[in-house]
Amino acid sequence: MPGERYVYLDGYVIPSTAEGIVIEGWYARHDPDFVPQVAVLSDPAVRDGLLCSCEYWRAHRIERPDV
């Protein structure tokens, strides 16, 4: 919607007001009960624990045999 704010996560555009997300992105599956880019504004640990965490991304990686 015009005038709303959105974030981008793993190939998806998500409203910043979403209360949670469940997506199968280009690289990984995600199902946090918050929008990480919004949550990091009040909890900086989200950056290292999810957004920038190689461990998180590897643990949630989608195995794609055709790629």
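Structure above, values below:
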item	result
Every residue from the range 47-67 that is out of contact with any strand residue (DSSP E or B) (no Cβ under 7 Å at 6 or more places or on another chain) and either hydrophobic (A, V, I, L, M, F, W, C) or in a loop (DSSP other than H, G, I, E, B) (or both)	L50, L51, C52, S53, C54, A59, E63, R64, P65, D66, V67
Residue, nearest to the chain's Cα centre (by Cα), within the range 1-16, restricted to residues that are within 15 Å of F34 (Cα to Cα) and among the hydrophobic types (A, V, I, L, M, F, W, C)	L9
The range 1-30, residues that are among the acidic types (D, E) and either within 17 Å of S53 (Cβ to Cβ) or in a loop (DSSP other than H, G, I, E, B) (or both)	E4, D10, E19
Residue satisfying all of: in the range 24-67; farther than 22 Å from R5 by Cβ and basic (K, R); nearest to the chain's Cα centre (by Cα) among these	R29
Filter result for the condition that a residue is among the hydrophobic types (A, V, I, L, M, F, W, C) and touching a helix residue (DSSP H, G or I) at 6+ places or on another chain (Cβ under 8 Å), over L41, L51	L51
The range 44-67, residues that are over 17 Å from I21 (Cα atoms) and either of a type in the set (S, T, N, Q) or surrounded by 11 or more Cβ atoms within 10 Å (Cβ to Cβ) (or both)	D48, C52, S53
Close pairs from the range 21-43: first touching a residue at least 12 places away in the same chain (Cβ under 8 Å) and of a type in the set (D, E), partner surrounded by 14 or more Cβ atoms within 10 Å (Cβ to Cβ) and outside any helix (DSSP H, G or I), Cβ under 9 Å, at least 6 apart	E24/D10; E24/H30; D33/I21
Hits in the range 1-17 - residues which are touching a strand residue (DSSP E or B) at 6+ places or on another chain (Cβ under 9 Å) and not charged (D, E, K, R)	M1, Y6, V7, Y8, L9, G11, Y12, V13, I14, P15, S16
Top-ranked residue of the range 31-45 - restricted to ones that are part of a loop (DSSP other than H, G, I, E, B) and among the β-branched types (V, I, T), ranked as nearest to G11 (Cα to Cα)	V35
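A short reminder: the numbers here are calculations on the coordinates, not readings from a lab. Just so you know, these numbers come straight off a predicted model, no measurement behind them. Using ideal geometry, Cβ is built from the backbone for each residue, glycine included, and neighbour counts are taken over all protein chains shown.
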